[in-house]
Amino acid sequence: MISPVKRVMKRPATLFPVFFLSLVHMLSAQYSVTGTESAGLAGCYTSLSGVSAVAGNQAGLGWEREKMLSAEFSMPFMMKELGIAGLAFSLPMVHGNLAGKLTSAGIPGYHDNALWVSYGLRVQKNITAGAGLFYNLISIKGKPVHQTRVSFAGGIQVKINSQMVIGGHILYPLQYNSSEIVYSRLQSQVSFGCSYEFFKNNRLYGEFRMNASQHPVFVAGVESVIGNTITFRGGILTHPTTFSIGTGFLSGKFHLLFASHLVYQYGLTSFFGIGYEI
């Protein structure tokens, strides 16, 4: 028989349920949005493309007509109780890509599930635009539908030349929330960013964000690709102070991704991802 002390150490949420519920709210908003590729860049996402744009800047879905499946898992602060799992797909449609992403997180007695349905298309040769619908369902023990939140997002990307991409994105400008609790509202956000390729297969990322209830946030990242097979990423975010590293490996049609965040005064968070080109 497992002693009560060991049981609590293995499942700390049983001792601090309110604390962990608040963490799940915060982490599901902060970590499930951008994905593993973005995580390696400390969260830069406004100029990313492909499946990374499903819940990021949806305009990134408009550049390539690709079929992709991906799965992701993040472990905030290295606590398996707070693990967030995600599945995403991207399919070619008229003039762009239709994509979706489902994420799930929770602890015993509390589950937080979210769904993105996004579409991006090429408006002109060097301009893409996209939008996404967001649905969130929170369940608790004995109540499958405890809280629902519905919103949307949209963005644009412009290729200035073969080296530089700029992007803008707005997140949750309007929303429906079945709860009247203020802190449970989705945080609206406006982001502007760019990426610039220097030398060959090396790219710098920069981003500025303004949130309705937080300080302005600056994010910077760098990406280096070796032999079109191995990718190294790193970045820094100002609020909260966060440092990141990441790697990526391409093997045939498979993409393997890993990233890690060190959040100052909070701890380490790991991200894992795998993608497959259909």
Looking only at the range 163-201, which residues are open to solvent by 60 Å² or more (accessible area, probe 1.4 Å), within 30 Å of L137 (Cα to Cα), of a type in the set (A, V, I, L, M, F, W, C) and touching a residue at least 24 places away in the same chain (Cβ under 8 Å)? F192
List the strands (runs of 3 or more DSSP E) that sit entirely inside the range 138-205 and contain at least 2 residues that are basic (K, R) and farther than 22 Å from G62 by Cα. 143-159
Mind checking whether some residue in the range 46-64 is open to solvent by 20 Å² or more (accessible area, probe 1.4 Å), at pLDDT below 90 and more than 14 Å from the chain's Cα centre (by Cα)? yes
Looking only at the range 202-214, which residues are touching a strand residue (DSSP E or B) at 6+ places or on another chain (Cβ under 8 Å) and in contact (Cβ under 8 Å) with a residue 24 or more places away in the chain? Y205, G206, E207, N211, A212
Search the range 113-135 for residues being over 15 Å from the mean Cα position of the chain (by Cα) and crowded, with 18+ Cβ neighbours inside 10 Å, and hand back the single one that is farthest from K80 (Cα to Cα). R122
Please specify each residue of the range 245-260 satisfying the condition of being under 24 Å from A220 (Cβ atoms), open to solvent by less than 70 Å² (accessible area, probe 1.4 Å) and out of contact with any His (no Cβ under 8 Å at 6 or more places or on another chain). G246, T247, H255, L257, A259, S260
Within the range 228-244, the residues that are open to solvent by 60 Å² or more (accessible area, probe 1.4 Å) and of a type outside the set (S, T, Y) are N228, F232, I236, H239, F243
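The values are calculated or read from the model by the stated rules, or taken from the named source; none is laboratory data. Values in this document were obtained by computation on a predicted structure and should not be read as measured data. As a convention, Cβ positions derive from the backbone with ideal geometry for all residues, glycine included, and neighbour counts pool all protein chains shown. Protein only, heavy atoms only, side chains kept; ligands, DNA and RNA dropped before computing areas. Shrake-Rupley method; radii C 1.70, N 1.55, O 1.52, S 1.80 Å.
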